Amino acid sequence: MLHTSYIELSERAFKNNINYMREQLTNSARYSMVIKGNAYGHGIETMIPLAEKYGVDHFSVFSVSEAMRAKKVVSPQCDIMIMGWIDKSEIEWAILNDVSFYVFTFDRLTAACKTAQRLKKKARIHLELETGMHRTGFSENEMERLIRYIRRYRNNLEIEGICTHYAGAESINNYNRIRQQIKGFNVTARRLSGEGILPRYRHTACSAAVLRYPETIMDLVRVGIANYGFWPSDELRMNHFIDSEKKGVPPMDPLDRVLSWKSTVMSVNFVGAGEYISYGTTYLTNRDTTIATVPVGYGYGYTRTLSNMGHVLLHGKRVRVVGSVNMNMLVIDVSDVKKPKIGDEVVLIGSQGDLKISVSSFGDMTNSLNYELLTRLPSHIPREVVD
Ligand SMILES: *Cc1c(COP(=O)(O)O)cnc(C)c1O
């Protein structure tokens, strides 16, 4: 094994998740799979062919560099959409390669028009509307200027979409804000269509919006986290269970984790009672202890926050991370494991025997930390699709 750890991607879990999310669509909306953040750490190059196998033909990325990576592996009939960063100098690449991109400033709009004019090829753009997230997007008072601009350059632009993003559809705390956003979006969409601007796709829904606000589904959905088997929040997961209960069906989680992260025991040592483990004095043994090292640390995406907090699986048992997580290794207490040996499989995320380490069972971690841990998984760790 050249690398110190590896990632397995479950085809069965992915197929299950994508089917579940498609079943939630109340119409024939197009399904765009969000693969930003290296496909939420799962690997763009590995996930695209797998997704295509199950009928996905639209992929959303954040940046032009992710679009370039996607373009290398995607089939020609699929669409790629950039939702965030594209430098003016790369707009030409996007137009020539039929990659669509968000436009949320006049600066980018001008660059798109000028480049399209020069290339004599239309830029496929998605106008992002500011509806209350207050991050990016054209606001209501920019509409008139926007409409004039679009008319003037109509031969150079294909307004493929109008879109917006919700400020936290996964939490009921944001209910009023989301409702306002939906309303605002629909008003502007009607205004634009009244002006003859009729995009092919109105799109607003992320995973949480698909699950909680079906009216946001419209013509295309941008589903990220749920494809990979994670609920956008614990709240939505619990909601699902409560709904099941009301319907009298057994509560079952319809989403399955796709990713497992595994490594191996690198060394086994014996430590007497009353000794500190690893750097500093954060962990003192209170019994004779058998420890093992695993060649994964914060330099490989295993966050230091999990020092003395994380758990891993070894021989089908849950064992603790002891002492601080180092740059390239961590130490686990394997005293309760029978005959731990160098080379034994260590599961950092995923299952072994009857037990499972989910990203969120790393102690009392928040969901945002889950996402952070996933997207920090280095892209060079080998990823392999398994059944
Ligand atoms: C990340 C993102 C999504 C997908 O969100 P999930 O919660 O992962 O489904 C959709 N739209 C935009 C603009 C995003 O940035």
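Any read-out appearing in this document is the output of simple, stated calculations on the displayed coordinates, not a laboratory observation. As the structure is a prediction and not an experimental result, all values here were calculated from the model. Using ideal geometry, Cβ is built from the backbone for each residue, glycine included, and neighbour counts are taken over all protein chains shown.
Points worth noting:
- Between Lys341, Lys71, Lys122, the residue with the greatest mean-square fluctuation in the GNM of the chain (Cα pairs under 10 Å linked by springs) is Lys341.
- As a rough guide to protection, the peptides 372-381, 252-261 ranked by mean Cβ packing within 10 Å, highest first, stand as 252-261, 372-381.
- Calculated FRET efficiency for the pair Leu119/Asn269, C-beta based, R₀ 51 Å, to 0.05: 0.20
- 19 Å tail of the calculated P(r), segment 22-164, as % of Cα pairs: 53
- Based on every Cα atom in the chain, Rg and the maximum pairwise Cα distance Dmax equal 23.9, 79 Å.
- Here the relative contact order of the chain, from alpha carbon pairs under 8 Å that lie six or more residues apart, stands at 19 percent.
- Computed [θ] at 222 nm, deg cm²/dmol, the chain (DSSP H ≥ 4; -39,500 (n - 2.57); rounded to nearest 500): -9500 deg cm²/dmol
- Rounded to whole numbers, the Karplus 3J(HN,Hα) couplings from phi for segment 324-339 are 7, 6, 8, 4, 10, 8, 9, 10, 10, 8, 10, 4, 8, 9, 7, 6 Hz, using 6.51 cos²θ - 1.76 cosθ + 1.60 with θ = phi - 60°, and x at Gly and Pro.
- Pairwise Cα separations in segment 173-284 fall into 5 Å bins from 0 onward with the following percentages, short to long: 2, 8, 12, 13, 12, 9, 7, 8, 8, 6, 5, 3, 3, 2, 1, 0.
- Above-threshold pairs, the threshold being 31 Å between Cα atoms, out of Lys53/Lys183; Lys53/Lys120; Lys114/Lys183; Lys36/Lys262; Lys36/Lys341; Lys72/Lys262: Lys53/Lys183; Lys53/Lys120; Lys114/Lys183; Lys36/Lys341
- Measuring between their Cα centroids, segment 33-97 and segment 240-301 lie 33 Å from each other.
- Computed from backbone phi, the HN-Hα couplings of segment 261-275 come to 10, 10, 9, 8, 6, 9, 7, 10, 9, 10, 10, x, 5, x, 10 Hz, rounded to whole numbers (Karplus: 6.51 cos²θ - 1.76 cosθ + 1.60, θ = phi - 60°; Gly and Pro given as x).
- Cα gyration tensor shape of segment 247-303, rounded if a/c is under 1.5, else prolate or oblate by comparing a/b with b/c: prolate
- Charged neighbours of Met81, selected by a Cβ distance under 10 Å, balance to 0 (K, R count +1; D, E count -1).
- Electrostatic bookkeeping for Arg287 treats Lys and Arg as +1 and Asp and Glu as -1; over the other residues with beta carbon under 11 Å from its beta carbon, the sum is -4.
- Residues whose placed amide H lies under 5 Å from that of His3, excluding near-sequence neighbours: none
- Cα gyration tensor, segment 143-237 - rounded (a/c under 1.5), prolate or oblate: prolate
- The translational diffusion coefficient of segment 263-387, from Stokes-Einstein at 4 °C and 1.567 mPa s with a Kirkwood hydrodynamic radius over alpha carbon pairs, comes to 87 µm²/s.
- Electrostatic bookkeeping for Glu170 treats Lys and Arg as +1 and Asp and Glu as -1; over the other residues with beta carbon under 11 Å from its beta carbon, the sum is 0.
- Comparing Asn239, Asn141, Asn227 in a Gaussian network model of the chain, where Cα atoms under 10 Å apart are tied by springs, the biggest mean-square fluctuation is seen for Asn141.
- From least to most packed, judged by other beta carbons within 10 angstrom and beginning with the fewest, Arg383, Arg12 follow the order Arg12, Arg383.
- Given +1 at the Cβ of Lys and Arg, -1 at the Cβ of Asp and Glu and no other charges, the dipole of the chain around its Cα centre is 1080 debye to the nearest 20.
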